[in-house]
Amino acid sequence: MLDTARKGFWVALGTLFVALGIIGIPLPLLPTTPFLLAAAACYLRGSERMHRWLLTHRWLGPYVRNYLEGRGIPLRTKALAIALLWLTITTSALFFLHHWALRLILFIIAIGVTTHLLLMKTLRE
């Protein structure tokens, strides 16, 4: 009973992440790949069938497989992610945050995420 509830929790959480990932495809502020990677991790813990479905899905599968197999991120996706990251961080820091320490934290995070993306392999399509 407890094992079934635990697996159900992981499947439900994975399904939430898939939904957020799908919403993120047309919306630039929601990052598709991290949500789909989180979904894959949840499905791995909850349902082998759902994990296999996600990895083999016609449209969603490549996001996860390219990352997990170390092939990298397409150049267009990488450039768009970095541009949107900096646009969002800068807008937040300038218009919504008034404390210098919070602004500094946001910019440190942006530098870290940018560095991570730049160091990741670029997938040549």
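The values are calculated or read from the model by the stated rules, or taken from the named source; none is laboratory data. Given the structure is predicted, the values throughout are model-derived calculations rather than measurements. Please note: Cβ atoms are built from the backbone with ideal geometry, for glycine as well, and neighbour counts cover all protein chains shown.
Data for the structure
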{"quantity": "Candidate set from the stretch 50-94 (those that are modelled with pLDDT of 90 or more and hydroxyl-bearing (Ser, Thr, Tyr)); member that is nearest to ILE22 (Cα to Cα)", "calculated": "THR56"}
{"quantity": "Residue match in the stretch 98-118 (condition: touching a Ser or Thr at 6+ places or on another chain (Cβ under 9 Å) and charged (D, E, K, R))", "calculated": "yes"}
{"quantity": "Residue count, the stretch 27-60 (criterion: within 14 Å of the chain's Cα centre (by Cα) and outside any helix (DSSP H, G or I))", "calculated": "6"}
{"quantity": "The stretch 61-71, subset within 22 Å of HIS116 (Cβ to Cβ) and surrounded by 14 or more Cβ atoms within 10 Å (Cβ to Cβ), residue farthest from the chain's Cα centre (by Cα)", "calculated": "ARG71"}
{"quantity": "Options LEU85, LEU55; residue that is touching a residue at least 12 places away in the same chain (Cβ under 8 Å), surrounded by 11 or more Cβ atoms within 10 Å (Cβ to Cβ) and outside the structural domain of ILE25 (by TED's automatic domain parsing)", "calculated": "LEU85"}
{"quantity": "The stretch 98-117 residues that are modelled with pLDDT under 95, paired with ones that are of a type in the set (Phe, Trp, Tyr) (beta carbon under 8 Å, 6 or more apart)", "calculated": "ALA110/TRP86; THR114/TRP86"}
{"quantity": "Candidates LEU20, LEU37, filtered to the one that is touching a helix residue (DSSP H, G or I) at 6+ places or on another chain (Cβ under 8 Å) and more than 22 Å from ARG71 (Cβ to Cβ)", "calculated": "LEU20"}
